[in-house]
Amino acid sequence: MNVIEVIPIARTIGTETLSYFTGENIPLGALVKVPLRKKKINAIVVATHPVSDVKSHVKTADFSMRKIDELTSTKFLSPEFMKAVQKTSTYFAAPIGSILTQTVAGGLFSYPDKIVPKLPQPSTYSPMDRFVVQGDDLERSSHHKSLIRQEFARKRSVVILVPTVEDGTYMHKLIEKGIEEYTVFLHAGITKKALKETLHKIQNEPHPMVIFATGPFLALPRTDIATIIIERENGKGYRTPKRPYIDYRVFAEFLAFESNARLYVGDILLRTETLERQSRGEFVESPPFKWRSLSTAEDSLIDMRPDRNRDAPLEKFRILSPLAETVIQTTRTQSEHMIIYATRRGVAPMTVCGDCQNIVTCRKCSAPVVLHEPKAQVQGDSVPFFLCHRCGDRRGADETCSVCDSWKLGTVGIGIDLIAKKLRDKFTDIKLYIIDADTTPTEKAVKETIAKWRAAPGSILLGTDMMLSYLHEPVHNVLIVSLDSLFSLPDFRIQEKIVYTLTKLRTLATSTFILQTRKPHEKVLEYALKGNLADFHRLHIAERKQFNYPPFSVLIKITLEGKRDQIVKEMEELQSFLAPFEIEVFPAFTHTVRGNHVLHGLLRIPREQWPLPELVTKLQSLPPYVALRVDPESLL
């Protein structure tokens, strides 16, 4: 008789491990069904002890130990995978059970027999083999194909981790030519039938394979995986939107280390943290590695500020520069294609009182509201309205300032609706296609809109950040109307985001690339326009070091939400509990949500010291209502 310790696969279980009796010798990583309360749940075995070794503990336990009912699989997750999960749990200070819910897709539990490897062939690479690849999409895909050919010749498989389904679909298309029968793609949108067939193929195909996967599908039934590629490393989608807040890039790196697999990290512009690690020797440059982003388009930086010559009258506020209007007309007459990028939805991203400078905010969550024009002239939807893009609250725009009761409310910034109105008024004969969360709320709608635009020469695609993941093919002309509002965000990653966005759009342009701004002296704009990524990195890494931001520290953000007095008291208790580690306390950027106040606490730990066992233990013991983010995407 044995006692096994299991980790329940559930987010809400407060206990880290549970213990059960069993007459079988169950290996580590096995998937079992265990009774918990009035139901049975999946659990992973993490320890097995003969009853004789833990007899005294069993006798003194304050609970009765139950017998395990059902053994689903004698083998499920590899020891290497479990070690990576353990490291991820420690790094993000989250329970192992909750980490497993994020790193093992729920559909995999339906086919435990398909996860058992049948093709043993251990890798011989060093876990310290880490490489970086920086270049455009075609350059990186060419590099990956060359690497895959080498690995296939050595009878080894390759895993390519992608942040989103769209990124995976595109990269899959670039790489699969000639090896279609040996490539598969695992992602959240796959059907149960396709998942079962794909797992069967991965498990039984004797030929090495290329496996594209999103984060939750790295529990793969092959032991010949010798290389893991983290593709589009600087893209969105690698961080989980729900608790536990983990980063799949970190998990993949742990998995590569434990599996003795080579690790490659690639993107058009790598993250600042990765580039700094490369400069320290943690990563090796793998050709092609480019510090300059090339483009065949003619670049133009347009200063949109009014004429400051005192002898000349101030120029009227303009949305489009004369050059932009000329290129738009050329797009129509020459039957070209054009992309126009806008940072925000609505008419204007911000409304400000002209008398007291108060910003109009949401009455439910305190975020700045965005002015919208009605999409259709129908009853109840024929006047402008304020919409909160954070919580979705909507109200009429016919109001006075909440501070001074003034009617002098004016808009600040340029939203996509305002740009669309200007384009339709001035260029009545041009077809305009729009992509934003209001007009194209689904992936299908986005793809259909892009297809219609591509099929209509002489047309314009106007969109927000939402469209960037779906744009891969070259386009004649690109216009960025304005992204000046992004500079006002108090976020240490915002400059990197701006350069990444501009670099992405600039590599698409083949004829003309126009950047309009009222901040022409911002160095990051100059670097992005010239494709000078090296100088941008030197500037940005110096600022990060000055303020002790990542990669020079690990930031840990603790968030409390509730009544103001209550969360202030709870934060004070947290400061005392986590001592001697100091917490910087500050209100969230949108300091109220659904009528509750939001308060952040920030710890800065030297990068080389994390994870600290003492602090990890304390963080893991925090109650569920405390939101914990290690290496957060933003401090807002």
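The values are calculated or read from the model by the stated rules, or taken from the named source; none is laboratory data. Remember, predicted model here, so these are calculated numbers, not experimental data. Every residue, glycine as well, gets a Cβ built from its backbone with ideal geometry; the counts of neighbours run over all protein chains shown.
Annotations for the structure displayed:
- Ser64 being at pLDDT below 80 and either assigned by TED's automatic domain parsing to the domain that holds Leu218 or part of a loop (DSSP other than H, G, I, E, B) (or both): yes
- All of Val626, Val585 fail the test of being free of Cβ contacts under 8 Å to residues at least 24 places away in the same chain and surrounded by 14 or more Cβ atoms within 10 Å (Cβ to Cβ), apart from Val585.
- Some residue of the stretch 527-536 being touching a strand residue (DSSP E or B) at 6+ places or on another chain (Cβ under 8 Å), free of Cβ contacts under 8 Å to residues at least 40 places away in the same chain and of a type in the set (Phe, Trp, Tyr): no
- Here is the figure for the stretch 559-600: residues that are within 25 Å of Cys388 (Cβ to Cβ) and either touching a helix residue (DSSP H, G or I) at 6+ places or on another chain (Cβ under 6 Å) or part of a strand (DSSP E or B) (or both) total 17.
- Inside the stretch 244-258, residues that are of a type in the set (A, V, I, L, M), outside any loop (DSSP other than H, G, I, E, B) and buried (at least 21 other Cβ atoms within 10 Å of the Cβ) make up a count of 3.
- Some residue of the stretch 511-518 being part of a loop (DSSP other than H, G, I, E, B), in the same structural domain as Thr330 (by TED's automatic domain parsing) and over 30 Å from Arg243 (Cα atoms): yes
- Options Lys114, Lys118, Lys87, Lys38: the member that is at pLDDT 95 or above and out of contact with any strand residue (DSSP E or B) (no Cβ under 9 Å at 6 or more places or on another chain): Lys87
- Count of residues meeting criterion [closer than 30 Å to Cys365 by Cα and loosely packed, with under 15 Cβ neighbours inside 10 Å] in the stretch 609-623: 2
- Out of Ala213, Ala226, Ala194, Ala188, sole residue that is closer than 26 Å to Phe283 by Cβ and either within 22 Å of the chain's Cα centre (by Cα) or at pLDDT 95 or above (or both): Ala213
- Residues satisfying the stated conditions in the stretch 90-111, i.e. assigned to a loop (DSSP other than H, G, I, E, B) and at pLDDT below 90: Pro95, Tyr111
- Among the criteria (1) outside any helix (DSSP H, G or I); (2) of a type in the set (A, V, I, L, M); (3) at pLDDT 95 or above, the one Ile319 does not fulfil is (3).
- Enumeration of residues in the stretch 320-372 that are crowded, with 17+ Cβ neighbours inside 10 Å, over 30 Å from Leu599 (Cα atoms) and hydrophobic (A, V, I, L, M, F, W, C): Leu320, Ala324, Val327, Ile328, Met338, Ile339, Ile340, Ala342, Val347
- Where Glu443 falls short, out of the listed (1) at pLDDT below 95; (2) surrounded by fewer than 20 Cβ atoms within 10 Å (Cβ to Cβ); (3) out of contact with any Phe, Trp or Tyr (no Cβ under 9 Å at 6 or more places or on another chain): (3)
- Residue within the stretch 465-476 that is assigned by TED's automatic domain parsing to the domain that holds Thr333, in a strand (DSSP E or B) and surrounded by 14 or more Cβ atoms within 10 Å (Cβ to Cβ) present: yes
- Filter pass, Ile13 being at pLDDT below 80 and crowded, with 17+ Cβ neighbours inside 10 Å: yes
- Lys145 meets the conditions (1) modelled with pLDDT of 95 or more; (2) surrounded by fewer than 16 Cβ atoms within 10 Å (Cβ to Cβ) in every case but one. The failed one is (2).
- Subset tally (residues that are assigned to a helix (DSSP H, G or I) and not basic (Lys, Arg)) for the stretch 425-456: 9
- Within the stretch 599-636, the set of residues being modelled with pLDDT under 90 and closer than 16 Å to Gly562 by Cβ comprises just one member, Pro624.
- From the list Leu432, Leu486, Leu479, the one residue that fits, being aliphatic (A, V, I, L, M), outside the structural domain of Thr169 (by TED's automatic domain parsing) and buried (at least 20 other Cβ atoms within 10 Å of the Cβ), is Leu479.
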